[in-house]
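In what follows, a single structure is set out as structure tokens and then discussed.
No value in this document is a laboratory result; all are computed from the given coordinates. Everything quoted here is computed from the prediction, not taken from an experiment. In this analysis, Cβ positions are derived from the backbone assuming ideal geometry, glycine residues included, and neighbour counts consider all displayed protein chains.
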Amino acid sequence: MTIRRIACQKEHVMTHKINFMNDYNTVAHPEIVEAIKSAIDEKHEGYGLDERSETARKMIREMTECPQADVQFLPTGTLANLTSIASFLRPHEAVIAQAAAHINIHETGAIEAVGHKILTIETHSGKLCPADIPPIIAQQVDEHMVKPKMLYISQTTEKGTVYTTEELSELRKLCDEEGLVLYIDGARLSYALVSDAAVPDLKTIAKLCDAFYIGGAKCGILFGEALVVTNPKLQDDLRYLIKQRGGLVGKGFLMGIQFEALLRDRLDLKMAGHANELARKLTSGLAGKGVSFDIETESNQVFPIVTHKKDKELEEKVIYEKWRDLDEKDCVIRFCTSWATTDQEVDELLKMF
């Protein structure tokens, strides 16, 4: 899959174009900013050992009904993925992932850089199913090859689709049979939790996987992801390993403050619900204009098929992502909505079709 990012680096930071590039193109939700401002005079112990971080941890343990979970806050999703995979696997072990997975496409070989091979499976939906996994495992026949040990999935997927409770349960069963760790990249987890699909809540997710993270940066906070390791066998020396990978932040209390505000009244679900609603409006509006889609999504990412000519026209007024070329005539582009997307912006975009 070829992905071309559109004109971001050469443009001035402030632009008249409407921005559908991603769901982290604004500073932060006002309630998150206010939470930080209200704590401006507080003094905290560093590295996430403060009361605000512990409060956020307690909230996550209660929401997941997993009191034994080790909850750690890391600054980025890449660091959460890198640290988890490097920590949970032995040097000769590999991770299985969908070909479009973030760790395979958008992390600059971070996983391979620490010595773990990614064994990929191509699927149009962006999701993996139990039948996909055994053929990959069967190819690794002896000690001259890597040993598959982790199944990496994203919820939502990089293609905007969502795993249902039944699908996740089937993958859990397969992982138990094959001795695999099940790890969920939750960069857009909140969008999945309020999608139209029959998705599990946090309690069910915690029960079905060995580790996952709750995305913050793509759901309205300044920065930060909450890594939740539910399997006690994977918790040993986790903070040592986070520090070694550069993820233990001195001012970790900043992430604790943000996650406390994000989760207290489920602000994350409110923001994600708004984004999903506008993505549905955009999808419906485009379909009404005769636009077809590369894939039917259930969250805040929309993948319309347009001509290359239309792509060039849109570039003049919109910031978005060119996903892939289909042929000499058509290509797939991606529009991404967020908590900050407005009805007016969607209406303005629809007028361009």
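Data table
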{"item": "Neighbour-count order for V229, V181, fewest beta carbons within 10 angstrom listed first", "result": "V181, V229"}
{"item": "Beta bridge orientation in the chain: antiparallel %, DSSP, nearest 5", "result": "55 percent"}
{"item": "Added length on full extension, which subtracts the Cα-Cα distance from 0.36 nm per residue, E166 to K312", "result": "48.4 nm"}
{"item": "In the range 227-308, the chymotrypsin sites (Phe, Trp or Tyr not before Pro) that fall in loop regions by DSSP, at most 14 other Cβ within 10 Å", "result": "none"}
{"item": "Charge tally in the Cβ shell below 9 Å around F20, where Lys, Arg are +1 and Asp, Glu are -1, F20 excluded", "result": "-1"}
{"item": "Computed FRET value (nearest 0.05) for E65 with M352, which takes r as the C-beta separation and R₀ as 51 Å", "result": "0.65"}
{"item": "Neighbour-limited loop hits for GluC sites (Glu not before Pro), the range 104-133 (at most 10 other Cβ within 10 Å; DSSP other than H, G, I, E, B)", "result": "E122"}
{"item": "Over 26 Å between alpha carbons, listed pairs K270/K312; K117/K312; K127/K312; K281/K322; K270/K317; K127/K310", "result": "K270/K312; K117/K312; K127/K312; K270/K317; K127/K310"}
{"item": "Candidates per trypsin sites (Lys or Arg not before Pro) in the range 38-124, loop by DSSP, up to 14 other Cβ within 10 Å", "result": "K43"}
{"item": "FRET efficiency estimate (nearest 0.05) - Cβ-Cβ, K37 to F223, R0 22 angstrom", "result": "0.85"}
{"item": "Gain upon complete extension [T204, K270; 0.36 nm per residue less C-alpha separation]", "result": "21.8 nm"}
{"item": "Residue order, fewest to most surrounding Cβ atoms within 10 angstrom, among V249, V71", "result": "V249, V71"}
{"item": "The range 309-337 and the range 90-132: distance between their alpha carbon centers, rounded to Å", "result": "26 Å"}
{"item": "Shape of the chain, Cα gyration tensor, a/c cut at 1.5", "result": "oblate"}
{"item": "The range 199-268 versus the range 157-188: alpha-carbon centroid distance in Å", "result": "18 Å"}
{"item": "Calculated FRET value between K289 and C129, using beta carbons and R₀ = 41 Å, to 0.05", "result": "0.80"}
{"item": "Set of lysines near K251 by C-alpha distance (under 16 Å), chain-local residues within fewer than 8 positions excluded", "result": "K37, K43, K243"}
{"item": "Fewest-first sequence of M63, M352 by Cβ atoms within 10 Å of each Cβ", "result": "M352, M63"}
{"item": "For the range 247-353: rounded, prolate or oblate by the Cα gyration tensor [a/c cutoff 1.5]", "result": "prolate"}
